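Worksheet: one structure, shown below.
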Amino acid sequence: MEKLFKDDERVRFFIGDVRDVNRLHRALHKIDFVVHAAATKIVTTAEYNPFECIKTNINGAMNLIEACIDQNVKKVVALSTDKASSPVNLYGATKLASDKLFIASNSSYAHGHRTCFSVVRYGNVMGSRGSIIPFFISLKDQKYLPITDKRMTRFMISLEQAVNLVWHAFNDMSGGEIYVKKIPSIKVTDIASVIAPKAKLKII
């Protein structure tokens, strides 16, 4: 990206981490709008590294909220997940906590500031790194595909739809909203059958 946009004076590239509040203060200087997309998001990784997941997804959210308020950012849209609704794993639980931090920061946290915070929740961004479609494609030549539970479904959204939802939030928000796009759900077994019709499905 840095090479692609090297001649665009509107763009700056920083190496940093949401765990580092001082770096966030520097990165957000004179910034009006923020899309918060940083997360430890792989379910199994979060379960095996719970402290690290909490440091990024919860502490990182708190750092960003503080830095945005201190730097007088106008609007913040935090990206969330369908797993934050009635979470059954640590990743979902940390994103639920993160969502509540962003929503509560409109009124209860440092009341009187000018920054508006909202959240967008969506499902599986089709083709994104670590999502189910590339995962099954990587295994399509194997004898079987692993299925956690044959009743499982995934809410599917395209990258363009996901980006448009963020734009909609920025245009519509007054602070405190959680935007959830109505999107189709697909059975995981159907996805597997389309990607690898000859492979057997192994319920794990």
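The values are calculated or read from the model by the stated rules, or taken from the named source; none is laboratory data. Everything numeric here is computed off the predicted structure, so don't read it as measured data. Because the Cβ atoms are built from the backbone with ideal geometry, glycine has one as well, and the counts that use them run over all protein chains shown. Side chains included, ligands, DNA and RNA excluded: accessible areas come from the protein's heavy atoms. Shrake-Rupley method; radii C 1.70, N 1.55, O 1.52, S 1.80 Å.
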Query raised in the report: Could you give me the ³J(HN,Hα) list for the stretch 147-153, computed from phi with Karplus coefficients 6.51, -1.76, 1.60 and θ = phi - 60°, whole Hz, x at Gly and Pro?
Result: 10, 5, 8, 5, 7, 5, 10
Query raised in the report: Say we join alpha carbon atoms closer than 10 Å with springs in a Gaussian network model of the chain; which of R23, R129, R114 then has the biggest fluctuation?
Result: R129
Report summary line: Comparing T94, T115, T148 in a Gaussian network model of the chain (Cα, 10 Å), the one with the largest mean-square fluctuation is T148
Report task. Starting at the first residue of the stretch 178-189, write each ³J(HN,Hα) from the Karplus equation 6.51 cos²θ - 1.76 cosθ + 1.60 with θ = phi - 60°, in whole Hz, x for Gly and Pro. Result -> 10, 8, 10, 7, 6, 10, x, 10, 10, 5, 4, 5
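Just check the stretch 1-112 against the gyration tensor rule for me: Cα atoms, a ≥ b ≥ c as the square roots of the eigenvalues, rounded for a/c under 1.5, and otherwise prolate or oblate depending on whether a/b exceeds b/c. Write down the numbers at each step before the final one.
Values: a/c = 2.08, a/b = 1.35, b/c = 1.54.
The shape class here is oblate.
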Requested in this report: Using only the alpha carbons, work out the radius of gyration and Dmax of the chain in angstrom.
Outcome: 18.8, 60
Query raised in the report: Can you flag which of K100/K187; K41/K181; K6/K95; K140/K187; K140/K202; K30/K75 are past 22 Å Cα-Cα?
Result: K100/K187; K6/K95
Report summary line: Sorted by accessible surface (1.4 Å probe, heavy atoms of the protein chains only), largest first, E47, E177 come out as E47, E177
Requested in this report: Would you mind pulling out the separation of the Cα centroids of the stretch 72-133 and the stretch 165-195, in Å?
Outcome: 13 Å
Query - Computed helical MRE - 222 nm, the chain, DSSP H runs ≥ 4 contributing -39500 (n - 2.57), nearest 500 - result: -10000 deg cm²/dmol
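Would you tally the net charge around K181, using a Cβ to Cβ cut-off of less than 15 Å, leaving K181 out, and scoring K and R as +1, D and E as -1?
Net local charge, K181 excluded: -1.
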Report task. Could you tell me the accessible area of H29 in Å² (1.4 Å probe, neighbours in place), rounded to the nearest ten? Result -> 80 Å²
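Just tell me the longest site-free run in the chain, where the sites are chymotrypsin sites (Phe, Trp or Tyr not before Pro) in a DSSP loop having at most 14 other beta-carbon atoms within 10 Å. Present the calculation step by step, with values, prior to reporting the outcome.
Values: sites that count: F5, F13, F14.
Counting only loop sites that pass the neighbour cut-off, the longest clear stretch is 15-204.
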Report task. Could you quote the convex hull projected area for the stretch 41-103, Cα atoms only and averaged over all directions, in nm²? Result -> 4.1 nm²
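Report the net charge of residues surrounding T148, where surrounding means a beta-carbon distance below 12 angstrom and charges are Lys +1, Arg +1, Asp -1, Glu -1.
Details: positive: K150, R151, R154, K202; negative: D149.
Cβ neighbours under 12 Å give a net charge of +3.
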Query - DSSP bridge pairs, the chain: antiparallel proportion in percent, nearest 5 - result: 15 percent
